[in-house]
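Note sheet for the following structure.
Each reported figure results from applying straightforward, stated rules to the coordinates on display, with no laboratory input. Please read all numbers here as calculations on a predicted model, not as lab measurements. Using ideal geometry, Cβ is built from the backbone for each residue, glycine included, and neighbour counts are taken over all protein chains shown.
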Amino acid sequence: MAELRRSLTLFDMTMIAIGGTIGSGIFLTPSLIAHALPSPWLIMAVWAVGGLMAMSGALTFAELAALMPRAGGEYAYLTEAYGGLVGFLFGWAYFLVVNAGGLGALSVAFATYFGYFVPLGAAGTKVVAVSGLLLLTAVNVVGVKAGAIFSDVFTVLKIAGIAALVAVGFAFGSAHTTNFAFSAPTIPGGLGAGLATAMVGVLWSTGGWQHATYATAEVRDPRRTIPLAMIVGTAAVTLIYILVNVSYMFLLTPQEIAASPRVAADAVSRVFGTAGGSAISLAIFVSTFGVVGIYTLTAPRIYFAMANEGLFFKRVAEVHPRFRTPAFAILAQSLWAVMLILFWGTFENLISYVVFTDWIFFGLAAASVFIFRRRLPDAERVSRVPFYPWTPLFFVAMSAWFVAVTLVQRPAQAWAGLLFLALGVPVYFYWKRRKDALPAAAAR
């Protein structure tokens with residue numbers, strides 16, 4: 001049977017870690033955050049906390065990736081630590097909601113910004129979204145290196161566009177635009193509700209670095225490459241996000257940011273008019289199109305790993321004989337995302353429960369480092385999380401806090417996510433019973 005080709009380099013994986021994190025979030029969520037927390041210091045504080053969470057998570061996952069350099073990344077850690085059910089529920093949620101929904105929403109987003117240059121109606125937007133997604137699917141089926149090159153190019157272009165945005169803010173904006181004096185702002189719904197809403201936006205924007213672990217089986221020297229790529233990528237993203245938000249507030253007040261659904265375009269338009277808005281719209285198109293390519297590349301490796309263990313359709317575990325990629329897994333993911341684009345259309349109403357669901361598994365995966373330290377004390381650890389146990393403990397505690405706050409502040413989305421996970425339980429036992437029956441049938 002053909003095996004996956006190890007062709008991804010440190011640069012490829014760093015670009016995946018950065019590109020998988022920076023999507024549409026930094027352009028769209030600042031308005032949500034400024035509305036929830038109308039104070040420049042609170043805005044900067046939640047972004048700083050988000051950066052600390054991402055870095056502590058990346059450092060923790062770095063040890064796990066070096067300990068278990070397997071396809072599927074997070075799926076492998078959860079399965080080894082907690083058993084097949086938890087690992088399956090992670091893959092189940094990722095396939096049907098988290099990644100497929102993200103692909104659908106991001107595809108609609110880049111099509112919407114494409115419509116800034118070529119007028120599109122509702123049907124035209126869906127056609128462009130589906131066409132773009134299928135194009136990226138084809139790129140990733142042809143070869144993992146082709147997908148990685150696409151990721152590299154679009155991530156570099158994305159960073160260049162963001163660098164231009166920051167340069168505009170620092171060169172033409174002013175610290176006097178926003179009053180940075182400490183004050184006690186009036187927060188709609190209270191501080192707890194404001195923090196919960198703001199953190200949804202921050203965590204939606206700072207998640208994605210873990211995509212570097214999903215293609216581990218196709219990485220050269222994964223024990224060294226994956227940890228370094230996640231750490232460098234997360235540090236770069238945190239710095240970029242802080243600089244972008246300062247740039248926004250050099251050009252617009254928090255009140256103007258809160259009122260703007262297109263804060264980046266409005267900020268640049270303040271200096272360069274319509275031409276500036278067009279340029280930043282192009283940057284957002286590049287950013288969202290690029291991250292769709294990365295998600296199409298990485299997440300199918302989770303389903304590939306599940307199918308290899310007999311817990312998903314057998315064809316999903318097939319490797320293309322010529323391209324040596326999990327072609328059917330990539331196609332299955334993209335076709336489901338196409339269905340969501342055609343019949344669902346938007347991801348906006350589901351962001352809260354998607355992030356809620358995602359961070360349940362984030363916290364569980366990070367907590368597995370404690371289990372493996374106890375269960376495998378003598379295992380070789382090329383990468384060790386620094387300041388153990390405080391670094392993973394911070395990440396796990398903050399993940400638990402976010403999940404609990406979301407459950408209280410946004411119960412409809414949270415309970416919908418829990419219900420969806422519960423539906424995966426009987427599905428898992430069906431696949432497991434089918435898997436267990438195969439050896440017995442063969443023995444007869």
Task: Residues 176, 35, 211, sorted so that the one with the fewest Cβ neighbours within 10 Å comes first - done: 176, 35, 211
Task: 44, 15 arranged by Cβ crowding within 10 Å, fewest neighbours leading - done: 44, 15
TODO: Averaging sequence separations of C-alpha pairs under 8 Å and six or more residues apart, then dividing by the length of the chain, give the relative contact order as a whole percent.
DONE: 34
Open item on the list: How far apart, in nanometres, would the label points at residue 176 and residue 400 be if each is projected 7 angstrom from Cα along the Cα-to-Cβ direction?
Closed with: 4.9
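Determine, for the chain, the count of lysine pairs separated by eight or more sequence positions (or lying on different chains) whose alpha-carbon distance falls under 25 Å. Working shown, then result.
On the way: 126/158; 145/158; 145/314; 314/432; 314/435.
Lysine pairs meeting both conditions in the chain amount to 5.
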Task: Centroid-to-centroid separation of the range 14-86 and the range 111-129 [C-alpha atoms, Å] - done: 30
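At a 10 Å Cβ-Cβ cut-off, how would you order 314, 435, fewest neighbours first? All intermediate terms of the calculation are to be shown ahead of the outcome.
Details: 314 10, 435 13.
Least to most surrounded, the residues fall as 314, 435.
If you take all C-alpha pairs in the chain, what percent of them are over 37 Å apart? Could you put the intermediate results ahead of the total?
Working: 20836 of 98346 pairs.
Cα-Cα pairs in the chain separated by more than 37 Å: 21 percent.
Stretch residue 142-residue 427 to full length: gain in nm at 0.36 nm per residue minus the Cα-Cα span? Write out the running numbers ahead of the final one.
Details: separation 285, 0.36 × 285 = 102.60 nm, distance 3.15 nm.
Once the chain is fully extended between residue 142 and residue 427, it gains 99.5 nm.
What helices does the chain hold that run 20 Å or longer along their axis, going by alpha-carbon atoms, with a Kyte-Doolittle average of -1.0 or more, using DSSP H for the helix calls? Intermediate results must be reported in sequence, preceding the final value.
Numbers: long enough: 40-67 (41 Å, 1.55); 99-114 (22 Å, 1.07); 122-142 (31 Å, 1.77); 144-172 (41 Å, 1.79); 191-206 (21 Å, 1.42); 222-251 (43 Å, 1.35); 263-298 (38 Å, 1.34); 327-343 (24 Å, 2.23); 351-375 (36 Å, 1.10); 390-409 (27 Å, 1.55); 411-443 (49 Å, 0.47).
What comes out of the filter, once short or polar helices are dropped, is 40-67, 99-114, 122-142, 144-172, 191-206, 222-251, 263-298, 327-343, 351-375, 390-409, 411-443.
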